[in-house]
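The values are calculated or read from the model by the stated rules, or taken from the named source; none is laboratory data. What you are looking at is a predicted structure, and each value in this text was computed from that prediction instead of being measured. We place every Cβ from the backbone using ideal geometry, glycine too, and count neighbours over all the protein chains shown. Side chains included, ligands, DNA and RNA excluded: accessible areas come from the protein's heavy atoms. Shrake-Rupley method; radii C 1.70, N 1.55, O 1.52, S 1.80 Å.
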Amino acid sequence: MSETPSQTVGPFLSIGLTWPDGHLVVPAGSPGAVRISGTLYDGAGEPVPDGLIETWQADAEGRFDDPLFGFGRASTRPDGSWEVVTVKPGATGDGQAPHVDVSVFARGLLDRVVTRIYFPDEAAANAADPVLSALPPDRAATLVATDAGPGELRFDIRLRGEGETVFFVI
Amino acid sequence: MTYRPAADGTHPPLLSPGYRSTALRAPSHAPVVLPQGLTELAGPALAGPSGPSDHDLTRQHAGEPIGQRIIVFGRVLDSDGRAVPDSLVEIWQANAAGRYAHARDDWPAPLDPNFTGGGRVVTGSDGSYSFTTIKPGAYPWGNHHNAWRPAHIHLSLFGRAFTQRLVTQMYFPDDPLFAQDPIFGSVPDEKARMRMVSTFDLDATRADWALAYRFDVVLRGRDQTPFEEPHE
């Protein structure tokens with residue numbers, strides 16, 4: 001059988017795709033909770049107000065034993081900002097540094113784009129990560145969140161142009 | 001085990017100048033190939049915040065929505081023909097007049113107080129799903145001169161793995177608007193394009209109640225070992 005093609009979510013995705021608590025992978029205030037927030041930008045540096053960010057990750061021990069754990073979904077707000085509350089995943093034991101997989105959907109994207117969030121306090125693991133270390137340093141830097149205070153990380157996503165986030169084909 | 005990439009021409013290029021909104025949103029760098037590891041091979045098992053009327057968009061409000069009642073049904077499969085059970089399918093759509101229940105839709109067609117246009121259902125053990133809804137209308141959207149979107153329903157599917165995540169649109173048979181629509185036309189391969197068109201199914205209509213359209217969705221299949229895809 002042959003696959004069904006991808007199409008854009010269009011501008012009105014919030015009718016079907018948004019969940020009130022989708023951004024809470026863990027309840028806010030849970031032990032070890034970290035809030036990852038950022039802004040989705042287009043190629044003109046303008047915020048994307050009709051986007052959707054989905055995250056998927058291992059648990060704090062690096063496992064996927066519980067398929068009900070690890071998914072986050074956040075709409076972008078009118079100013080392009082979004083946030084997910086989660087815990088830092090453990091290493092998955094296959095040589096990769098702790099990471100969160102990310103799908104970005106928006107009007108104007110005919111297929112999702114996929115990126116990853118790596119963690120700024122994992123310098124050694126990040127240096128040894130086969131994905132990060134294969135990228136030029138300035139490109140790899142787009143995949144590492146920045147420290148924004150206790151329990152706070154920042155991860156902006158730039159779809160195109162200067163500082164363009166690295167996107168993957170999987 | 002890995003999930004096979006789709007055949008060339010199946011998915012639209014992100015930069016599709018006919019669809020103007022892609023110009024500033026399509027990445028300019030070629031995507032980097034990411035080996036499929038545990039994160040990509042696992043996937044969320046989601047029910048979503050579902051309620052009893054989520055599969056029947058005609059029963060989400062006090063009254064009946066205006067328009068032609070339809071059943072949209074089918075199976076979610078992978079490209080090896082295997083059913084994808086227990087997987088969340090989400091839909092959203094315009095009302096019968098072609099207007100979305102959204103503050104930013106300013107097309108001056110009537111809103112329907114009895115129709116929101118959002119639905120959710122989880123696939124059965126054989127990958128089957130079914131929604132009852134209203135046939136959406138076409139609407140103009142300003143992309144180019146006299147641009148009208150063919151009637152369509154958006155579908156979001158999770159599959160079994162992060163690699164199988166898909167958002168698509170279901171179209172209706174023989175729509176005269178296909179040829180001028182750059183979103184439908186963004187899919188390069190004509191056969192792939194036509195896989196987004198549902199089939200009218202008289203046997204599945206409910207007498208004196210609703211017409212029926214079948215729409216099977218096919219997600220990526222798996223290889224046991226990674227190797228080059230043979231040419232089709």
Inspect region A:79-100 for any residue being open to solvent by 20 Å² or more (accessible area, probe 1.4 Å), within 8 Å of chain B (Cβ to nearest Cβ) and of a type in the set (D, E, K, R) and give the result as yes or no. yes
Query raised in the report: Is it fair to say residue B:165 is of a type outside the set (Phe, Trp, Tyr) and either open to solvent by 40 Å² or more (accessible area, probe 1.4 Å) or more than 8 Å from every other protein chain (Cβ to nearest Cβ) (or both)?
Result: no
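Residues are listed down the side, and each one gets a yes or a no for (1) without any contact (Cβ under 8 Å) to a residue 12 or more places away in the chain; (2) in contact with a Ser or Thr (Cβ under 8 Å, 6 or more places away or on another chain); (3) buried (at least 22 other Cβ atoms within 10 Å of the Cβ):
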site	(1), (2), (3)
B:124	no, no, no
B:129	no, yes, yes
B:203	yes, no, no
B:213	no, yes, yes
Filtering region A:1-41 down to residues that are under 19 Å from the mean Cα position of the chain (by Cα), within 14 Å of chain B (Cβ to nearest Cβ), small (Gly, Ala, Ser) and surrounded by fewer than 17 Cβ atoms within 10 Å (Cβ to Cβ) yields none
Checked against (1) assigned to a loop (DSSP other than H, G, I, E, B); (2) at the interface with another protein chain (Cβ under 10 Å from one of its Cβ atoms); (3) touching a residue at least 60 places away in the same chain (Cβ under 8 Å); (4) open to solvent by less than 10 Å² (accessible area, probe 1.4 Å), residue B:58 satisfies every condition except (2)
For residue A:134, state whether it is buried (at least 16 other Cβ atoms within 10 Å of the Cβ), among the small types (Gly, Ala, Ser) and either closer than 30 Å to residue B:169 by Cβ or touching a strand residue (DSSP E or B) at 6+ places or on another chain (Cβ under 9 Å) (or both). no
All conditions in (1) under 26 Å from residue B:24 (Cβ atoms); (2) modelled with pLDDT under 95 are true of residue A:94 except (1)
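Which is more than 9 Å from chain A (Cβ to nearest Cβ) and open to solvent by less than 60 Å² (accessible area, probe 1.4 Å), of B:81, B:37, B:67?
Testing whether each residue is more than 9 Å from chain A (Cβ to nearest Cβ) and open to solvent by less than 60 Å² (accessible area, probe 1.4 Å) leaves just B:67.
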Within region B:123-152, the count of residues that are within 16 Å of residue B:19 (Cα to Cα) and within 12 Å of chain A (Cβ to nearest Cβ) comes to 6
Open item on the list: On the basis of being open to solvent by 10 Å² or more (accessible area, probe 1.4 Å), over 17 Å from the mean Cα position of the chain (by Cα) and of a type in the set (A, V, I, L, M), does residue B:103 make the cut?
Closed with: yes
key: Residue in region A:149-163 that is open to solvent by less than 20 Å² (accessible area, probe 1.4 Å) and charged (D, E, K, R) present   = no
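Filter region B:106-122 down to the residues that are among the charged types (D, E, K, R) and within 12 Å of chain A (Cβ to nearest Cβ), then identify the one that is surrounded by the fewest Cβ atoms within 10 Å (Cβ to Cβ).
Across region B:106-122, the extreme among qualifying residues is B:106.
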Of the residues in region A:42-75, those that are more than 12 Å from chain B (Cβ to nearest Cβ) and either touching a helix residue (DSSP H, G or I) at 6+ places or on another chain (Cβ under 7 Å) or of a type in the set (S, T, N, Q) (or both) come to A:75
If we keep only residues of region B:84-105 that are touching a Leu at 6+ places or on another chain (Cβ under 9 Å), under 22 Å from residue A:78 (Cα atoms) and touching a residue at least 40 places away in the same chain (Cβ under 8 Å), then the residue nearest to the other protein chains (Cβ to nearest Cβ) is B:92
Out of (1) closer than 28 Å to residue B:66 by Cβ; (2) modelled with pLDDT under 95, the one residue B:196 does not meet is (2)
Restricted to region A:2-16 and to residues being in contact with a Ser or Thr (Cβ under 6 Å, 6 or more places away or on another chain) and not polar (S, T, N, Q), the residue farthest from residue A:85 (Cα to Cα) is A:3
